[in-house]
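**Q** Let me begin by handing over the structure; questions about it come next.
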Amino acid sequence: MHPPQLVMMRQNGLRLPTPTHRPLASAHGFTLIELVVVLTLLALVTLLVVPRLPDSQGTTLKSSARTLASTLRYLQDQVATTRQLYRIRLTPGTGEIRVTVVSSGGTESQPSDPFFSGPILREGITIADVQTPRLGTVTSGEVTMDIGPAGLAEVATIHLRGGNGGQMTVVALSYGGRVTVGEGYLEANL
């Protein structure tokens, strides 16, 4: 923007500077029509993009399933390196999963590992049921699984449910350490 030009005017014999006025047509800014067009384009882009954004609840469910699978793998690695027995307690119908260390005397204590300090499942994610060959399908109560030097003692299928009704399946195989995650409610061949 250019500074206003000064014009020298004579008043009572003195020369005084006075600014000249610019014509209204050269004023900078946006017209009302330009603003309406831009806002209309932004509204159209929003209508097209928002439905294509990922479902945050579905993303939370997938993240929780992957975190549970990672926890099971990590526990198996910890058993191999520390030679300590771990126990995982799952409560179907809730999102509660607890991990404890089992001493040689059989007493349980909280692991000192910071990996277990936070929740495994995110808020709004629940355990729909747990399937094992020994217990069948458990939908309430508590399921306890021991993880020893050979891995899990038995195959476990854990079904997770999100707040929007979506489901994920985590399958932990026994004596091999393999853990898989699948979308939907997948039946286990027990």
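The values are calculated or read from the model by the stated rules, or taken from the named source; none is laboratory data. Because the structure is a prediction, the values reported are computed rather than measured. Positions of Cβ are backbone-derived with ideal geometry, glycine not excepted, and every protein chain shown enters the neighbour counts.
**Q** Hey, can you tell me all the residues within the stretch 19-64 that are modelled with pLDDT of 85 or more and either of a type in the set (Lys, Arg) or touching a Cys at 6+ places or on another chain (Cβ under 8 Å) (or both)?
**A** The one that is modelled with pLDDT of 85 or more and either of a type in the set (Lys, Arg) or touching a Cys at 6+ places or on another chain (Cβ under 8 Å) (or both): LYS62.
**Q** Considering every residue within the stretch 69-85, establish whether at least one is at pLDDT 70 or above, surrounded by 10 or more Cβ atoms within 10 Å (Cβ to Cβ) and basic (Lys, Arg).
**A** Yes, because at least one residue in the stretch 69-85 is at pLDDT 70 or above, surrounded by 10 or more Cβ atoms within 10 Å (Cβ to Cβ) and basic (Lys, Arg).
**Q** For the condition aliphatic (A, V, I, L, M) and modelled with pLDDT under 90, what is the one hit in LEU152, LEU160?
**A** Exactly one residue qualifies, and that residue is LEU152.
**Q** Do the conditions hold for ILE120, that is, is it under 28 Å from GLY184 (Cβ atoms) and part of a strand (DSSP E or B)?
**A** When the stated conditions are applied, ILE120 does not pass them.
**Q** Look through GLY106, GLY93, GLY124 and report the one residue that is out of contact with any strand residue (DSSP E or B) (no Cβ under 8 Å at 6 or more places or on another chain), surrounded by fewer than 17 Cβ atoms within 10 Å (Cβ to Cβ), closer than 25 Å to THR60 by Cα and of a type outside the set (Asp, Glu). Before the answer, list the steps.
**A** Details: GLY106 fails: closer than 25 Å to THR60 by Cα; GLY93 fails: out of contact with any strand residue (DSSP E or B) (no Cβ under 8 Å at 6 or more places or on another chain).
The match here is GLY124.
**Q** Filter the stretch 164-190 down to residues that are exposed (fewer than 13 other Cβ atoms within 10 Å of the Cβ) and among the small types (Gly, Ala, Ser) and give me whichever is modelled with the lowest pLDDT.
**A** Only one residue fits best here, namely GLY176.
**Q** Please verify whether the stretch 104-117 includes one or more residues that are closer than 19 Å to GLY166 by Cβ and out of contact with any helix residue (DSSP H, G or I) (no Cβ under 6 Å at 6 or more places or on another chain).
**A** no
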